Amino acid sequence: MQPNSTQSLSAVFSLLATNRRFAGLLLASLTLLLAAYQPAWAQFGNNNLAVLVANGTTTNTSVSVIEINKTSANQTAVQTIDLPATGANAIRVSGSGTTTLYASNSADGTLLCFTGHNTENTSSNVTGFQDTKTVITLNNAGTIAYPARYTGTGTNQTRGSTTNNNTDFFIADQGGQYTNNATSASPTGNFRGIKTFGGVVYLSQASGVATNIEVATTSALTGGTITGLPGLTNNSSTFDFYLISSGTNGSTFDVLYIIRNTSATAGTIAKYSLVSGTWTANGTYTTNFGGFALAAEKSGNGAQLYVTTGAGATAANRVVRLTDAAGFNAALDINTDNNVTLFTAAAGTILKGVVFAPKAADPSSVSNLLIERGISVYPNPLPRQQPLLLQFRNSAPARYEVVVYNLNGTQVVRQVVAHPGGSSIHRVELPASLAPGTYIAEFTDTKGSRGHAKIIVH
């Protein structure tokens, strides 16, 4: 007969009482288990925001990520994810740096990306640590990863990072643009926020030099060209930016918002629309809360804007939601009475970058064959009238026939891609008339092995 639970517990207590050595071993084992235990973070919500938090106002502090929703005024955080502050995986940042801890999403929206310093030093000014500069990512499950590292120069601040393929990172630094394992900037510059929209990487720069346009594109991971957006000028007060697709011009990202500040209580939000290839000014809104980081999304005919207040190092600052009621190429229309404070930081902490919470990856979007061979496709979602890019990373030489089908099985394009081996990017040209929707790209090598990737065109 099996003993019942009462009998079992009585036997355990009796054993503990009569065998002190066993009791001591059990207690020691439990202590070790509790010390090693780390809490599992909850999955990010599908329609929430992620905000970077400097946990102190000094030049060397720890960092957290909070999750909040987009609607509730004066809310508490859905969850707080604390990055390790000590040990081999420790991340330290400068809270007092007015242009640190910019955030971005990966092109597919599955990662939150930023930069910090991987160091156990808890006292010195982190901006002096040249070889600890690290890309940090969080996925939808809250898993923290360190996918890239680079070596900066001098006391230049590390600013932010983004990626088109979740492997290779564009990194913005006070000394210029870096990528994985780089030891020097290429090109050089003084860059702030860096983000990707439709497979194109944009960055911001504050400058009094006329040729340093406040928002520009960068053409390559390294050795590329910084090209200012036509119609914009330089501005020494620029802090962050965001682009949205209004839908007026298909999937083109055609509305740009820029946030600038001159103090923690004075700032502006500027709006531009892409008209006939030139960014046309659509007016500004004056803030009484400065403004550091910015995210935006289309809402009705206009957009919702999410801003962290202050001047980059302002403690106990806020996340504020503003509504632009106007659409494409219409004057910016923000009613101050409709502004909503979503969240306020605790005393002594600073809200920095704000982006959309990382979404879950579609497990059926890419087959195992492509993953095994180091092949990824991007951007995904893919804007219409743009080529599909195939990233080969450390891949063996192979020849693939790439066929793209719609969900009815109709072929829309067929192209042969000859990969010579190693790492490179190949283009698959899609028809200009391709309608928005879901498509399947099928890869077949010369031995008949097949792989696929699901592509969303918008």
With x for Gly and Pro, the residue-by-residue ³J(HN,Hα) of the stretch 185-191, computed from phi through the Karplus equation 6.51 cos²θ - 1.76 cosθ + 1.60 at θ = phi - 60° and given in whole Hz, is 6, 7, x, 7, x, 10, 9
A correct Karplus calculation of ³J(HN,Hα) over the stretch 45-58, with 6.51 cos²θ - 1.76 cosθ + 1.60, θ = phi - 60°, whole Hz and x for Gly and Pro, returns x, 6, 9, 10, 10, 10, 10, 7, 10, 7, 7, x, 10, 8
The size of the Cβ-based charge dipole (Lys, Arg +1; Asp, Glu -1) of the stretch 245-330 about the Cα centre, to the nearest 20 debye, is 160 debye
For Ser433, Ser367, Ser424, Ser106, ascending order of other Cβ atoms within 10 Å (fewest first) is Ser433, Ser424, Ser367, Ser106
Only helices counted: for the chain, with every DSSP H run of 4 or more residues adding -39500 (n - 2.57) and the sum spread over all residues, [θ] at 222 nm is -2500 deg cm²/dmol
Mean separation of Cα contacts under 8 Å (at least 6 apart) over the residue count of the chain, i.e. the relative contact order in percent, is 12 percent
Under the rule rounded for a/c under 1.5, else prolate if a/b exceeds b/c, else oblate, using alpha carbon gyration tensor axes a ≥ b ≥ c, the stretch 131-212 is classed as oblate
Note: the stretch 228-375, point scatterers on Cα, Debye, no solvent; log10 I/I(0) at q = 0.13, 0.21 Å⁻¹ equals -0.64, -1.25
The answer for Gln79, listing residues at least 5 apart or on another chain whose modeled amide H is closer than 5 Å to its amide H, is Glu67
If Tyr378, Tyr405 are placed from fewest to most neighbouring beta carbons inside 10 Å, the sequence is Tyr405, Tyr378
For the stretch 169-306, shape from the Cα gyration tensor axes a ≥ b ≥ c, cut at a/c of 1.5 then a/b versus b/c, turns out oblate
Rg/Rh over Cα atoms for the chain, Kirkwood Rh, comes to 1.04
Any aspartates and glutamates whose Cα falls less than 12 Å from that of Lys271, other than same-chain ones fewer than 8 residues away, would be Asp254, Asp324, Asp333
A correct fewest-to-most ranking of Tyr146, Tyr306, Tyr285, Tyr242 by other Cβ atoms within 10 Å would be Tyr146, Tyr285, Tyr306, Tyr242
For the stretch 304-458 (alpha-carbon point model, no solvent) the Debye-based log₁₀ I(q)/I(0) at q = 0.08, 0.11, 0.12 Å⁻¹ works out to -0.41, -0.66, -0.71
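Taken together, the values in this text are just the output of simple stated rules run on the coordinates, not laboratory data. Please read these numbers as outputs of a predicted model, since none were measured by experiment. Every residue, glycine among them, receives a Cβ derived from its backbone with ideal geometry; neighbour counts consider all protein chains shown.
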